[in-house]
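**Student:** Next up is a structure, given as C-alpha cells.
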Amino acid sequence: MTNACNHDHHHHLCDDDCEWWKHLLCCLKKLICSKGFVLFLIFFVLPLSIILLLTFVFLRPTPLFILQEATVYQLNVSSGSFLTSNIQVAISSRNPNKIDICYDSIDVYATYSSNEPITIPTRLPSISEDENGVHIWSPFIYGSSVPIAPYVADSLFQDQKEGTVLIKIKVDVHYSWSVVPWIIGHDHICFSCPAYITYGSHNTNIPVGEAFKYQLAQPCSVDT
C-alpha cells in the first residue's frame, strides 16, 4: 500500500493524493524539520524576542506632559458646598523615547485639596507619537454644581481670599509602545500638573473677555 505522503526525497514534498489537511500537516512537518526553519528561529525569532523582552522590562518608554496654560471661565462655590467650574487648558505631550508611542486614551480633569475631583473627565482623541513627536490639546474641563465636602469649600474660599488657589490638572493616560508592526507593551500613568490660579494683588492672569488666562508652562509629574 502506498503511504498517503511519500517520504522519498526524490518525490514531491507532498503527494497530490493527500487530503488537504494531511497535505498541510505533511508540509508543516517538512518545514519544521528543515534546517532553514531552525536557522530562522535561532538567528531571527530568538534575537527579536530577546530585544522585545528587554525593551518591555528595562526600557518602558514614558511620555512627557506640560501644562502650558489655563483659561478660567468660572470657579465658584455656591451655598450648600457646590462647586461650578469651567476651565480650558492647553496641554502638550512629547515623546522623548526612541520608540513609537500610541495614546490609547487620555482623560483630563481637575482636582483640588487632596486630589478631590472638581470636574468630570474630558476624553482626548487617540493619537500616535513617533520619536520626539509633539502634540498640543486644548480641551475644556468643567463641572456643574459638583458636591464637595464643607471643609473643602471653606478651604477654597479661604485660598481665593488669600489670593492663590492651587488646582491640579490630572492627565490619565493609557498608552502602548511599538516597533512596527509589533505592539510591545501597554502602560497606564496618571500625570499631575499644578495650576496656580491667582486673585487680587497676587493676580498674574491675562483678561480674555470675561475669562482669565494663566500662562503656566508647568511640567507634569507622575502620580505615585
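**Student:** Check 51, 32 and return the single one that is within 19 Å of residue 183 (Cβ to Cβ) and either modelled with pLDDT of 90 or more or outside any loop (DSSP other than H, G, I, E, B) (or both).
**Tutor:** Values: 32 fails: within 19 Å of residue 183 (Cβ to Cβ).
After applying the criteria, what remains is 51.
**Student:** Could you run through the range 134-183 and say how many residues are touching a strand residue (DSSP E or B) at 6+ places or on another chain (Cβ under 6 Å) and basic (Lys, Arg)?
**Tutor:** 2
**Student:** Test residue 133 against the stated conditions and say whether it is of a type in the set (Gly, Ala, Ser), surrounded by 14 or more Cβ atoms within 10 Å (Cβ to Cβ), touching a helix residue (DSSP H, G or I) at 6+ places or on another chain (Cβ under 9 Å) and farther than 23 Å from residue 86 by Cβ. Spell out the reasoning first.
**Tutor:** Numbers: of a type in the set (Gly, Ala, Ser): yes; surrounded by 14 or more Cβ atoms within 10 Å (Cβ to Cβ): yes; touching a helix residue (DSSP H, G or I) at 6+ places or on another chain (Cβ under 9 Å): no; farther than 23 Å from residue 86 by Cβ: yes.
No.
**Student:** Please verify whether residue 197 is more than 21 Å from residue 224 (Cβ to Cβ) and either touching a Leu at 6+ places or on another chain (Cβ under 7 Å) or surrounded by 15 or more Cβ atoms within 10 Å (Cβ to Cβ) (or both), treating the condition exactly as stated.
**Tutor:** On the way: more than 21 Å from residue 224 (Cβ to Cβ): yes; either touching a Leu at 6+ places or on another chain (Cβ under 7 Å) or surrounded by 15 or more Cβ atoms within 10 Å (Cβ to Cβ) (or both): yes.
Yes.
**Student:** Sticking with this structure for a sec: Taking interchain pairs and intrachain pairs at least six residues apart, which have beta carbon atoms under 7 angstrom, with the first residue in the range 102-127 and without any contact (Cβ under 8 Å) to a residue 40 or more places away in the chain and under 20 Å from residue 156 (Cβ atoms) and the second part of a loop (DSSP other than H, G, I, E, B) and of a type in the set (A, V, I, L, M, F, W, C)?
**Tutor:** Note: pairs meeting the criteria are 116/148.
**Student:** Still on this structure, please answer the following. Filter the range 129-148 down to residues that are of a type in the set (Ser, Thr, Tyr) and under 23 Å from the mean Cα position of the chain (by Cα) and give me whichever is nearest to residue 106 (Cα to Cα).
**Tutor:** Top of the filtered list is 138.
**Student:** Only one of (1) without any contact (Cβ under 8 Å) to a residue 12 or more places away in the chain; (2) of a type in the set (Val, Ile, Thr); (3) buried (at least 19 other Cβ atoms within 10 Å of the Cβ) is not met by residue 148, so which one is it?
**Tutor:** Of (1) without any contact (Cβ under 8 Å) to a residue 12 or more places away in the chain; (2) of a type in the set (Val, Ile, Thr); (3) buried (at least 19 other Cβ atoms within 10 Å of the Cβ), only one is false for residue 148: (1).
**Student:** With the range 67-140 as the region, which strands (runs of 3 or more DSSP E) entirely inside it contain at least 2 residues that are closer than 23 Å to residue 223 by Cα and polar (S, T, N, Q)?
**Tutor:** 82-94, 100-112
**Student:** Still on this model: Contact list please: Cβ distance under 8 Å, first residue in the range 202-224 and in contact (Cβ under 8 Å) with a residue 60 or more places away in the chain and at positive phi, second residue in a strand (DSSP E or B) and surrounded by 12 or more Cβ atoms within 10 Å (Cβ to Cβ), pairs at least six apart or on different chains.
**Tutor:** 217/66; 217/67; 217/68; 217/69
The values are calculated or read from the model by the stated rules, or taken from the named source; none is laboratory data. This is a predicted model, so every value here is computed, not measured. Neighbour counts are summed over all protein chains in view; Cβ atoms, including those assigned to glycine, are modelled from backbone coordinates with ideal geometry.
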